[in-house]
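Scroll down for the structure; my scribbles are underneath it.
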Amino acid sequence: MMESDTIQLLRECDAGIKMGVESIDEVLEYVNDSTLRKYLTEGKSDHEKLKEEIQVLLDRYKDDGKEPNPMAKGMSWVKTNMKLVMKESDQTIAALITDGCNMGVKSLNRYLNRYEAADQKTKDITKKLIHIEERLAEDIREYL
């Protein structure tokens, strides 16, 4: 059970990171404020570094990881583009990314509870990802 929970938790982190990076990529070109751009770029970089760590572990288990849920991905894209069409601003971008971070934190905590038999290294990686999401939401709070 431990190996199964470990792989499942790694897969959820993998999908979450992919979703986060794609969301940041979608909004970066619309950012006006250089500090907001810096926060988003750093957040993306932190996600990508953790993705490399996760990939090493997934490779060890001979697992391909997981793509984000297509429905969630599509709905996120529609929400992002609709809001940016209605009001293209740093405030809108900060609100969209904050919502995404909050959903990520909620989901990751749920997966930590669901896959409680996962190994400690994987749980620590999940907690690190939660911290990255929380920090990004906190950093951009001033733009809300």
With an 8 Å Cα cut-off and a minimum separation of 6 or more residues, compute the relative contact order for the stretch 1-74 in percent. 52 percent
Given labels modelled 7 Å from the Cα in the Cβ direction, how far is it in nm from E138 to N102? 1.7 nm
Using alpha carbons only, how many degrees (0 to 90, rounded to 10) separate the axis of helix 70-86 from the longest principal axis of the chain? 10 degrees
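Could you work out the relative contact order of the chain, using alpha carbon pairs under 8 angstrom and six or more residues apart, expressed as a whole percent?
On the way: 148 pairs, mean separation 61.8, N = 144.
Over the chain, the number comes to 43 percent.
Would you mind telling me the share, in percent, of accessible area of the chain contributed by carbon and sulfur at probe 1.4 angstrom?
Details: 4200 of 8130 Å².
Carbon with sulfur: 52 percent of the solvent-accessible area.
With n ≥ 4 as the cut-off for DSSP H runs, can you work out [θ] at 222 nm for the chain, using -39500 (n - 2.57) per run divided by the number of residues, rounded to the nearest 500? Mind dumping the intermediate values first?
Working: 5 runs with 116 residues, N = 144.
That calculation yields -28500 deg cm²/dmol at 222 nm.
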Taking Cα atoms, the helix 90-114 axis meets the longest principal axis of the chain at an angle in degrees (rounded to 10) of 10 degrees
Pop a pseudo-label 7 angstrom from the Cα along the beta-carbon direction at both D64 and K121 and give the gap in nm to one decimal. 2.4 nm
Would you kindly work out the equivalent ellipsoid of the chain from its C-alpha gyration tensor and give its semi-axes, the square roots of five times the eigenvalues, largest first in whole Å? 29, 15, 13
Surface accessible to a 1.4 Å probe, per residue, for the residues of the chain, Å²: 56 Å²
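The values are calculated or read from the model by the stated rules, or taken from the named source; none is laboratory data. Since this is a predicted model, take the numbers as computed values, not measurements. Using ideal geometry, Cβ is built from the backbone for each residue, glycine included, and neighbour counts are taken over all protein chains shown. When the accessible area is computed, the model is the full protein with side chains, heavy atoms only, and any ligands, DNA or RNA have been set aside. Shrake-Rupley method; radii C 1.70, N 1.55, O 1.52, S 1.80 Å.
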